[in-house]
């Protein structure tokens, strides 16, 4: 093997090793320690099928005036970015006066508001 071939082989081995390392570290979800997860896992957003009641029909509603980002992401169609915007809007403008006020949050339109309306409350 020439010197260039050794360096190429070494580069490939290091690249594969690094990829495997990051792949295995991704399984541990270390970043969850930094996310607001002050909630119990709930089955929010499950619809009734053929008239049968699902656990979502019995779930308590989420209060958007006190919920954290982690709890808001449980709502159907609400991801981390939209949940952050909901909290930011609340911090900048004060408590929400009605569920309809969520439409002022960037990323929530009429369709998404109707989708989450039965899962949220204002207290």
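Computed with the Debye formula from one identical point scatterer per Cα of segment 55-121, without solvent, the log10 of I(q)/I(0) at q = 0.27 Å⁻¹ comes to -1.42. Placing a pseudo-label 7 Å from each Cα along the Cα-to-Cβ vector at residue 66 and residue 103 gives an inter-label distance of 2.7 nm.
As a rough guide to protection, the peptides 61-72, 100-111 ranked by mean Cβ packing within 10 Å, highest first, stand as 61-72, 100-111. For the peptides 3-15, 80-92, the ranking by packing is 80-92, 3-15, with the highest mean count of neighbouring Cβ atoms within 10 Å listed first. Shown is the FRET efficiency for residue 81 and residue 23, computed with R0 = 25 Å from the Cβ-Cβ distance and rounded to the nearest 0.05: 0.50.
Every number here is computed from the coordinates shown, using simple stated rules; none is lab data. Computed from a prediction, not measured in an experiment: that's the story for all the values here. Every residue, glycine as well, gets a Cβ built from its backbone with ideal geometry; the counts of neighbours run over all protein chains shown.
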